[in-house]
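Note sheet for the following structure.
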Amino acid sequence: MTLLTVEGLSLSIHGTPILRDLSFGIEPGEILGVIGESGSGKSLTALSIMQLLPSGSQSRGRVLFAGQDLAAAAEPDLCAVRGRDIGMVFQEPMTALNPLQTIGQQVAETIRIHEGASPQQALERAEAVLEQCELPAAQVPLSRYPHQLSGGQRQRVVIAMAIAMRPRLLIADEATTALDVTTQAEILALLQRLVAEEGMALMLITHDLAVAASLADRILVMHEGAVVEQEPTPALLKARTHPHTQLLFDATDHRPDRQPAPTAAQTPAVGPLLRVQDVVQEYRLPRPHPLTGSGVRRAVDGVSLEIERGCCLALVGESGSGKSTLARAILGLEPIREGQIALGGRDVFADAGARAGMQAVFQDPYGSFNPRWRVSRLIAEPFFRLGRAARDEEIDEALVSVGLAPADKHKHIHAFSGGQRQRLALARALITRPDLIILDEAVSALDVSVRAQILDLLAQLAADFGLTYLFITHDLSVVRAIADNVAVMQAGKIVERGRTDAVFAGPESAYAARLLAAAPRLPAMGGGSRARTAVLQRVVRLLLAAGQQRPDAGHEGGSEEKLQQITGEERGHAPCHDRVVPTQHRAQPDQAGDIDHDITDQHRARRAQWAAIPAAFGEETDNAGREDEAEQVTTGRAHHVRKTNALFRGAGKDRQARRALCEVEQYRRHTKAPAKCHADDQHNQGLQGQWNRPERNADLRGNPQREAAEDGEANVADQAVFNGDERLRHGLSGHHVDGHCCSPELYFAAVFMHFAFRGSRSKVLEAAPTCANAWG
Amino acid sequence: MSARLLIGLGLSGLFAAAGLASLLWTPHDVTSLNIAAKFAPSSADHLLGTDHFGRDILSMIMVGARTSIAVALLAVGIGMLGGVPLGLLAAATRGSLLDDVVMRFNDLVFAFPALLIAIMITAIVGPSAVNSIVAIGIFNIPVFARLVRAGALPLWTLDFVLSARVSGKGAARISVQHILPNLTNLLIVQGTIQFSLGILAEAGLSFVGLGAQPPTASWGRMLAESQTMIAFAPHLALIPGLAILLTVLCLNLAGEGLRDTLDPKSQKGAQQGAGRAAP
């Protein structure tokens, strides 16, 4: 039975229509992702379900929760439902908690209200709930106040409050938006685990498509108060029927066309534009006690970096890593303790003229402008440094260059939207034609589609005016889109730097790897040729690696059964739990202690099961050290990789390959845990989560006709990958390709599966070029 | 121009005009006594009647408006002139020793009520209307200083201030160009409140004999003198009381209207630009 059914819900506030005729449902235990841009009515949908609407709102339609119409229910009945049957997690963990109450009291409050438990009982329950949310009382006592906790811990408390009564529906409204990527990954994993353990339904409201795609069973896309598309996640990712969905996808994955950074040969030998050397910045902490001395916090600790003229350097790190402090130091706003900062060879502290060559764009489009000034005065402010007023042509030109009209200069800032304000901020930064523009989280507060536009604008302006950017952000997808070079900052130090593609492909520091792993990503379900290529690249690489690791096994007959037995079992109780434990935890030995408590028995059992697979094939489990070898082979076979990529680029169907990848990935992960592949693991975890659910696989197996009707090749793939189609396999092991029987991807996936589990090294190595030749 | 502002400004203008007119002309001389006509009811000659000395109450209200409004206005002026720069200074140097010194000085002034300061000044220069202006004015300084500091602190953390600093502007310039304009709402609202309080404080000071001295008419003095006769001549207390009430109400209305009008969001053409960025 459907847990929540919303039928024809419309809402207007003071006559302005907000929601238009929404209809959707949530099944028990289902994760429904609600995505849309700001202003699309996501949050008000949640509030309508809770009947916590702002004054002046009028709603129509029915909200059936477990058979009860909440829209028609009386306030006392609603109070009983809120918190007990429906829990809610809000975006801002600081404001969602009362700063004057301990976390224990706040969690216990819900329990006391709904159960009438004694304070003591309620506190005991609260302790248990907090422990369930990974805040054990031994480490975080109930007597802590919210300000003593980190953002992630606070959000766990908020979640604990929401699930204290074991609600049947949990609504998470942008619950991870205010958090760092790594914390976000942990909270998402927690939510997923709770949903699995408690069997509650989760309504996950987010603007981040990647977050929704990685968690949700079904995605509902909202636009201007209406549901534009509502599909199971894989189908939505694959089809994207509605143009708005497509728009969201494109924007999420958007990369502006930009010229590559000038190479060393092209730049005249004048040295870097910005040179930061061994900069140290310290803040004095408040004295803990009147008689003790005050401590010192090193916000920036010996940072050196250089930016060449015309390049874009991205400075990446979590909040509190010292990025913004460094930016302020570079801008000459705060004197530094040690070190040197020079722009174009001139020290920014000694030489005020050097500072005129820099401008900045800040994060908050709403706080960046004096609301009392008109645009003409606002964007002309940097001319103060030059000691003259701006000419009208200069103002007009700056406005035009960022895509606004000259007439806009007479307006006040409130007349502009968030994206337009960021354009104005760029106009203000551009107007004096600086050499360097520091963009401090300049696109973080924007919707994806607006962000894509601003990124395009940045790329275009860089080309037009020869600008150099220092791009400070925590958002890795933006980094990929815009930066030539990346510097990763952690606790005031730069832990890694390099070219963007190099760092993304193979981060050297553990921290950078963790950041990359934690960033939610869109599964590459037909997500454009780039995403597809990435998946296929990995297929090929893994294929080659697998071939390297598996010397001729030569016991096909015996292990065949066992393989089927194991994988069949695997599919039988497909592991909800497997997608729940955060991957980076499992992959990182140094965190093993932390996560021991969340490895449940079920998980241990699964581990043992997986560990049995190689044994079944008479192979050693300890494959550590071979990874490097495999990598070498990979590099050695780079031309095969390239060829195969070219082969797949236009094919448009990569589902089979991905599915195969998931299977192999599972196998690979459980036989060894290579430290180098965290990012990939995380990625595949997402894929795996989508494919390894029992209902899905059952669906695929059970309806071959449907699949066949939809896509004949997919059907073959299902058989090859999941059911072990003997005919196909035999064909494959002889690397004889039956051109009309399957697509390149399918063939490849099947080859991959086949050899990864029981193939031979030589055959795999042969297979790649054969495959490439077959369709090259 | 909102209706509120029109009504508020109109009525307060009426009181101000009456006060100014009293400089040139009043229906009767407020210093001439006519004991025979004491406690006269409203008539053509005495529109609002006469008091216990037979003085014309309308004339006294007109003269009193002058005193009361002048005292309150000047007191608010002193408070703003002293308090706003102090508050801006404290906010600009937030966390420093100077900030502490300024704010502790304010606390010190706050510790003495206007009455006490008035007594102190009276002890030095003797009682007069000027005395009450200075006393109420000094009392207003910490009110504005605290308000401005509290209002300016969050503004200093905003990005447009940072942006101004990137443009090379110093703290003083930022305070004047960016911080102060964004505090006008606060200052207008608090200004009207302090103005109303100033009228009441002047009435209070005159009531205890520390403000305007006889025969200078003031609303506060009229109230004070009427208290012994309130049982048989209630209009003596009611009329100046109503005058104070109406002035305060009008000023609050005018203040709110002014705040709305000065807000750029309510200005004409505000909505024209929305949604016009080039793609």
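Where a number appears in this text, it was derived from the coordinates with a stated rule and is not lab data. Treat the numbers as computed from the prediction; the structure is a model and nothing was measured. Glycine gets a Cβ as well: all are built from the backbone with ideal geometry, and neighbour counts include every protein chain shown.
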Separation between Cα centres of the stretch A:405-465 and the stretch B:193-259, rounded to whole Å | 56
Acute angle (nearest 10 degrees) that the helix B:114-125 long axis makes with the longest principal axis of chain B, alpha-carbon atoms = 70
Per-residue Cβ neighbour rank within 10 angstrom, fewest leading, A:Tyr366, A:Tyr511 | A:Tyr366, A:Tyr511
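If we count other beta carbons within 10 Å of each Cβ, what is the order of A:Asp217, A:Asp392, fewest first?
Numbers: A:Asp217 22, A:Asp392 12.
The most exposed by this proxy come first: A:Asp392, A:Asp217.
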When chain B is treated as a GNM, springs tying every alpha-carbon pair under 10 Å, which of B:Val84, B:Val166, B:Val143 comes out with the largest mean-square fluctuation?
-> B:Val166
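Near B:Gly191, within a Cβ-to-Cβ distance under 12 Å, what is the net charge of the other residues, with Lys and Arg +1 and Asp and Glu -1? Mind dumping the intermediate values first?
Numbers: positive: B:Arg259; negative: B:Glu256.
Taking every Cβ under 12 Å from that of B:Gly191, the sum is 0.
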In deg cm²/dmol and to the nearest 500, what is the mean residue ellipticity at 222 nm of chain B if only DSSP H runs of at least 4 residues count, each as -39500 (n - 2.57), divided by the residue total?
-> -22500 deg cm²/dmol
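First select every other residue whose beta carbon is under 12 angstrom from the beta carbon of A:Leu285; then total the charges, Lys and Arg +1, Asp and Glu -1. Intermediate values should be presented prior to the final figure.
Numbers: positive: A:Arg284, A:Arg287, A:Arg297, A:Arg298; negative: A:Glu282.
Overall, the nearby charge balance is +3.
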Rounded to the nearest 10 degrees, the helix B:57-92 long axis (Cα) sits at an angle to the longest Cα principal axis of chain B of 20
Compute the acute angle (0 to 90°) between the alpha-carbon long axis of helix B:3-24 and the principal axis of greatest extent of the alpha-carbon atoms of chain B; round to the nearest 10°.
-> 50
Using a cut-off of 12 Å between beta-carbons, work out the net charge of the residues near A:Leu220 (Lys and Arg +1, Asp and Glu -1, A:Leu220 not included).
-> -2
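Which order results if A:Ser214, A:Ser401 are arranged by neighbouring Cβ count within 10 Å, fewest first?
Numbers: A:Ser214 26, A:Ser401 18.
Fewest to most other Cβ atoms nearby, the residues stand as A:Ser401, A:Ser214.
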Listed residues B:Pro240, B:Pro127, B:Pro214, most fluctuating in chain B (Gaussian network, C-alpha, under 10 Å) | B:Pro214
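To the nearest 20 Debye, how big is the dipole of chain B about its Cα centre, given +1 on the beta carbon of each Lys and Arg and -1 on that of each Asp and Glu?
Numbers: 16 positive and 13 negative charges, 184 e Å.
Approximately 880 debye in magnitude.
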Roughly how many Å is it from the Cα centre of the stretch B:120-178 to that of the stretch A:322-373, as a whole number?
-> 29
